[in-house]
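Participant: Below is the structure I would like to discuss, written out as structure tokens.
The values are calculated or read from the model by the stated rules, or taken from the named source; none is laboratory data. Keep in mind that this is a model prediction, so the values were computed, not measured. Cβ placement follows ideal geometry from the backbone for every residue including glycine, while neighbour counts extend to all protein chains displayed.
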Amino acid sequence: MQDKIILGLLLDGDKSSYDLQKSMESSTGFFYNSSQGSIQPALKKLIQNGHAQTVTEHRGARAKKVYSITAEGRKEFLRWAAEPIQLDKPRDPALVKMFFFNYVEGPRKLELVEAYMREIESFIASLNMVQRKNREHLEQNPGLLHDPKVKSRLDTLEFGADYYAFLQEWYGKYLQKIKEELIT
């Protein structure tokens, strides 16, 4: 998946690996992990497959590798993007922990879920900030609302906000259930 994300971001323009990481952190990083440790192997694979190429730019004494998508990479990305969406199992460490919560003492369970709720709330605050910035940017540039790329990215952001709101609601109920179990 990392290679597809990189190809999609390179369709927006040439980028260094650092630029790719920053782009991912502020976009796909909200729902798909990105790190230099995973970006570098994906870039290497893309170059080996002829889907990306690199040039070295010299800025003063520093050399910087810049990656761009090839015609073959564009073709591969568009083929992948048009494939049917496949349902995938959720990979959620919180669900795995919950599965084994019978081995955790009630008060500790409560602490863990409360801490997780704080993480969710923090993430929601980050998403709300991104949404607010996007609204402000769109108010200043209303023509962007007709850009299909902008629309699909806003839809993804909306999904993310709804997803974390769901988690917040669900874990709120779960937290209440744990509290009730501790009382009885």
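Participant: Exactly one of (1) in a strand (DSSP E or B); (2) touching a residue at least 40 places away in the same chain (Cβ under 8 Å) is unmet by Thr54. Its number?
Facilitator: Exception for Thr54: condition (2).
Participant: So, one more: State yes or no: is Ser38 without any contact (Cβ under 8 Å) to a residue 60 or more places away in the chain, closer than 24 Å to Pro90 by Cα and surrounded by 13 or more Cβ atoms within 10 Å (Cβ to Cβ)?
Facilitator: Yes; evaluated as a whole, the condition is true for this residue.
Let's see how each residue does on (1) part of a helix (DSSP H, G or I); (2) surrounded by 11 or more Cβ atoms within 10 Å (Cβ to Cβ); (3) of a type outside the set (S, T, N, Q); (4) at pLDDT 90 or above:
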{"site": "Lys149", "(1), (2), (3), (4)": "yes, yes, yes, no"}
{"site": "Thr156", "(1), (2), (3), (4)": "yes, yes, no, no"}
{"site": "Tyr164", "(1), (2), (3), (4)": "yes, yes, yes, yes"}
{"site": "Gln168", "(1), (2), (3), (4)": "yes, yes, no, yes"}
{"site": "Tyr171", "(1), (2), (3), (4)": "yes, yes, yes, yes"}
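Participant: Show the residue pairs that are 6+ apart or on different chains and have beta-carbon atoms under 8 Å apart, the first residue being within the stretch 118-130 and within 12 Å of Ala165 (Cα to Cα), the second being among the small types (Gly, Ala, Ser).
Facilitator: From residues that are within 12 Å of Ala165 (Cα to Cα), the pairs are Ile124/Ala161; Ile124/Ala165; Leu127/Gly160; Leu127/Ala161; Asn128/Ala161.
Participant: For the stretch 2-49, name all the residues that are touching a His at 6+ places or on another chain (Cβ under 9 Å) and either outside the structural domain of Glu76 (by TED's automatic domain parsing) or charged (D, E, K, R) (or both).
Facilitator: Answer for the stretch 2-49, where residues must be touching a His at 6+ places or on another chain (Cβ under 9 Å) and either outside the structural domain of Glu76 (by TED's automatic domain parsing) or charged (D, E, K, R) (or both): Asp3, Lys45.
Participant: Across the stretch 66-100, which residue is modelled with the lowest pLDDT among those that are under 22 Å from Asn33 (Cβ atoms) and aromatic (Phe, Trp, Tyr)?
Facilitator: Residue satisfying both the conditions and the ranking: Phe99.
Participant: Something else: Collect the residues in the stretch 76-117 that are under 19 Å from Asp3 (Cα atoms) and free of Cβ contacts under 8 Å to residues at least 12 places away in the same chain, keeping them in residue-number order. Working first, answer last.
Facilitator: Filtering the stretch 76-117 for residues under 19 Å from Asp3 (Cα atoms) gives 76-86, 88.
Answer for the stretch 76-117, where residues must be under 19 Å from Asp3 (Cα atoms) and free of Cβ contacts under 8 Å to residues at least 12 places away in the same chain: Leu78, Arg79, Ala82, Glu83, Pro84, Ile85, Gln86, Asp88.
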